[in-house]
Amino acid sequence: MAANLTPEYLEAEKRFKSARSANEKVEALEGMLATIPRHKGTEKLQADLKRRLSKLRAGQQRRPLSRVGLMHRVEKEGAGQVVLVGPPNSGKSQLLRRLTHATPEVADYPFTTRAPLPGMMAFEDIQIQLVDLPPVHPDFPETWLYQIIRNADAALLVVDLSDADLLEDLETTLAELRNAKVGLGAPTAPNSVGWVLLKTILVGNKLDASGAPEDLEILKELYGDRFPILQVSANTDEGLEGLRWAVFELLELVRVYTKAPGKKADLTAPFVLKRGSHLIDLAAMVHHDFLTQLRYARVWGHGRFEGQIVNRDYQLADKDVIELHR
Ligand SMILES: Nc1nc2c(ncn2[C@@H]2O[C@H](COP(=O)(O)OP(=O)(O)OP(=O)(O)O)[C@@H](O)[C@H]2O)c(=O)[nH]1
Ligand SMILES: [Mg+2]
């Protein structure tokens with residue numbers, strides 16, 4: 001763009017690209033507006049930013065205030081929202097500590113966590129939101145807990161491999177979720193009105209503890225068909241890198257980088273889309289004008305020859321580099 005945009009502007013634009021919540025978007029757009037050079041060449045862009053900002057602000061004001069203290073909700077941020085669910089004391093909070101910068105309370109007794117706490121987990125060049133929750137158990141019958149779970153994009157079902165009552169505790173958790181019409185893992189629950197099915201990884205935690213390997217074998221035998229199962233230790237960090245990758249896989253996302261003709265691609269801030277998205281979906285994210293004006297794109301990525309021309313129905317692949325032409 002020949003508008004001589006400043007590094008501050010480009011930085012704000014980067015934040016906008018990866019923004020997920022309305023708040024994040026408003027903040028980033030405000031940053032873009034504040035730093036955009038004011039001259040003839042940017043007038044259209046300025047007007048466009050103002051339009052988007054007022055639309056977002058209008059949407060925000062309509063939202064009712066949550067009843068503080070009685071309800072909790074967690075606004076989505078980053079490329080996806082993944083809830084940590086499981087029986088009491090299984091190590092959900094400790095996992096959040098190890099995978100993000102959040103610092104929830106961790107203690108050797110059940111029902112330590114009483115409210116949701118989000119944290120951002122880095123995976124390569126994107127951020128995924130993890131949400132630590134109170135245990136899913138009959139003794140914590142708060143409806144907001146189930147609302148948060150139902151609203152998530154995916155779940156980590158965390159169990160304690162050193163727990164003698166592992167199977168019983170796991171079944172209690174699954175039964176509570178069924179009561180709330182939440183089905184985890186492969187769709188065993190009826191796919192009927194009111195049900196939510198969440199893609200889920202079963203995480204066997206406390207792998208460092210004695211007895212863990214045997215419990216893991218039993219878990220695989222009984223639940224291997226229903227969930228992908230990962231073994232980790234949130235104390236020693238064993239298996240946590242694999243878990244980051246598995247969470248990214250679970251969300252079924254693609255990361256796409258854009259480049260301007262004749263320029264190098266910006267490989268720092270990908271657009272993140274659902275797997276199965278097409279070129280036109282990316283174009284709409286980049287700029288709404290592209291919806292009507294996009295003629296073709298060139299793509300650099302695995303399985304294609306460099307710079308191959310593709311049309312609007314091209315299905316995007318993870319790590320594609322795309323050059324849009326109008
Ligand atoms: N040995 C071992 N202990 C762990 C591990 N992860 C967590 N713990 C311990 O297990 C206990 C419970 O951990 P939390 O993270 O508080 O468990 P939680 O699932 O958040 O518990 P609630 O909030 O009550 O549902 C603490 O004493 C932790 O130190 C692990 O990988 N190995
Ligand atoms: Mg906890």
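The values are calculated or read from the model by the stated rules, or taken from the named source; none is laboratory data. The shown structure was predicted, so the numbers you read here are calculated from the model rather than taken from an experiment. Using ideal geometry, Cβ is built from the backbone for each residue, glycine included, and neighbour counts are taken over all protein chains shown. Areas reflect the complete protein model, heavy atoms only, side chains present, ligands, DNA and RNA absent. Shrake-Rupley method; radii C 1.70, N 1.55, O 1.52, S 1.80 Å.
Summary of computed values
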item: Members of the range 150-162 found to be buried (at least 22 other Cβ atoms within 10 Å of the Cβ) and either of a type in the set (Val, Ile, Thr) or in a helix (DSSP H, G or I) (or both), listed by number; result: Val158, Val159
item: Any pair with Cβ under 8 angstrom, 6 or more apart, that starts in the range 222-244 at a residue that is under 16 Å from Leu170 (Cβ atoms) and ends at one that is surrounded by fewer than 16 Cβ atoms within 10 Å (Cβ to Cβ) and among the polar types (S, T, N, Q); result: Arg226/Thr188
item: Some residue of the range 90-98 being at pLDDT 95 or above, open to solvent by 40 Å² or more (accessible area, probe 1.4 Å) and of a type in the set (D, E, K, R); result: yes
item: Tally of residues being part of a helix (DSSP H, G or I) and either among the acidic types (Asp, Glu) or surrounded by fewer than 15 Cβ atoms within 10 Å (Cβ to Cβ) (or both) across the range 204-227; result: 7
item: The listed residue being open to solvent by 40 Å² or more (accessible area, probe 1.4 Å) and either more than 30 Å from Ser93 (Cα to Cα) or in a loop (DSSP other than H, G, I, E, B) (or both), out of Leu267, Leu230, Leu324, Leu282; result: Leu267
item: Filter result (near ligand 2 (Cβ under 10 Å from one of its atoms) and buried (at least 19 other Cβ atoms within 10 Å of the Cβ)) within the range 107-128; result: Thr113, Leu117
item: Which numbered condition His137 fails, given (1) part of a loop (DSSP other than H, G, I, E, B); (2) at pLDDT 95 or above; (3) within 11 Å of ligand 2 (Cβ to nearest atom); (4) not basic (Lys, Arg); result: (3)
item: Residue list for the range 17-45, restricted to those being open to solvent by less than 40 Å² (accessible area, probe 1.4 Å), assigned to a helix (DSSP H, G or I) and not β-branched (Val, Ile, Thr); result: Ala22, Ala28, Leu29, Gly31, Met32, Leu33, Leu45
item: Output for the range 79-92, where each listed residue is within 11 Å of ligand 2 (Cβ to nearest atom) and under 17 Å from Ala122 (Cα atoms); result: Leu84
item: Cβ pairs under 7 Å, 6+ apart, first in the range 132-145 and more than 13 Å from Pro87 (Cβ to Cβ) and among the acidic types (Asp, Glu), second part of a helix (DSSP H, G or I) and within 11 Å of ligand 1 (Cβ to nearest atom); result: Asp132/Lys92; Asp132/Ser93; Asp132/Leu96
item: Residue identified as open to solvent by less than 20 Å² (accessible area, probe 1.4 Å), in contact (Cβ under 8 Å) with a residue 24 or more places away in the chain and within 20 Å of the chain's Cα centre (by Cα) among Val254, Val272, Val310; result: Val254
item: Restricting the range 107-126 to residues that are of a type outside the set (Gly, Ala, Ser) and in contact with a Leu (Cβ under 9 Å, 6 or more places away or on another chain), the residue that is farthest from ligand 1 (Cβ to nearest atom); result: Asp125
item: Hits in the range 96-131 - residues which are in contact (Cβ under 8 Å) with a residue 40 or more places away in the chain and farther than 27 Å from Leu273 by Cβ; result: Arg97, Arg98, Ala115
